[in-house]
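Here's the structure, in structure tokens; my notes come after.
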Amino acid sequence: MDAERLRRTWDSYAPRYDRDIRLFERIQFAGGREWVCGQAKGEVLEVAIGTGRNLPHYPPGTKVIGLDLSPAMLEVARGRADELKVVVELHEGDAQALPFADSSFDTVVCTLGLCGVPDERGAIGEMHRVLKAGGLLLLLDHVGSHHRFIHFGQSLLERMTVRMCGDYQTRRPLPLVEQAGFDVVRRERLKLGTVERLAAVKR
């Protein structure tokens, strides 16, 4: 699915995204946003910020810049930031070609976003590029399970979700993160191997 079609898809989904994901947040991803955002520090870039569901969880003193492909999702995020009285700088853009200079950020965050990027390897490479040396990459995503039966079910579901919204079920960012030049310092795999949290440092 190309970027323009993805943009249109997520623009149309933006008004109901928060309602639809609420149950999954409680059942599958509980505590994940807190785990990720609680480790963020300094100048933070959040890639695929979506509707801004991470905004309540950043520590005081972090400066957050958020990027998303969908203007409609960013509009919801802007409203959430206003309600929370949180200062955040929002940009429309593509995770595969981040509009920021090399070595710009202390932390890069991406939660439930890499699963929907057509070129996840390219996006991880871009995250590496914009991080300062020693900077922290923090990821949360659903991934392909190591249990064969569950992985098979994910593969079947993926045939539908990729066509509908470009969402992959069987990816696993960890090896790509290591190949991009990060050292993984913390990782947790949960929910029968279908959810992974990663913290990695740029060499």
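Coordinate-derived values only; no laboratory data. Note that this is a predicted model, so its numbers are computed, not measured. Positions of Cβ are generated from backbone atoms using ideal geometry, with glycine treated the same way; all protein chains shown enter the neighbour counts.
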So what is the relative contact order for the range 3-202, in percent, with contacts set as C-alpha pairs under 8 Å and at least six apart? 20 percent
Please report how far the C-alpha centroid of the range 145-180 lies from that of the range 1-35, rounded to the nearest whole angstrom. 16 Å
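What number of lysine-lysine pairs in the chain show an alpha-carbon separation below 20 angstrom, given a sequence spacing of 8 or more or placement on distinct chains?
Final tally of qualifying lysine pairs is 8.
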Points 7 angstrom from Cα along the Cβ direction at HIS91 and HIS146: gap in nanometres? 3.7 nm
Subtracting the Cα-Cα distance of ILE27 and SER103 from 0.36 nm times their residue separation yields 23.7 nm
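Using the Cα centre as the reference, give the magnitude of the dipole from point charges on the C-beta atoms of the range 118-203 (Lys, Arg: +1; Asp, Glu: -1; all else neutral), rounded to the nearest 20 debye.
Magnitude of the dipole: close to 160 debye.
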Membrane-span-like helices (DSSP H runs, Cα span along own axis at least 27 Å, mean Kyte-Doolittle at least 0.5) in the chain -> none
Fully extended, how many nm does the chain gain between ARG186 and ARG8 (0.36 nm per residue separation, minus their Cα-Cα distance)? 60.5 nm
Stokes-Einstein diffusion coefficient of the range 3-202, Kirkwood radius over Cα pairs, 10 °C, 1.306 mPa s, in µm²/s: 94 µm²/s
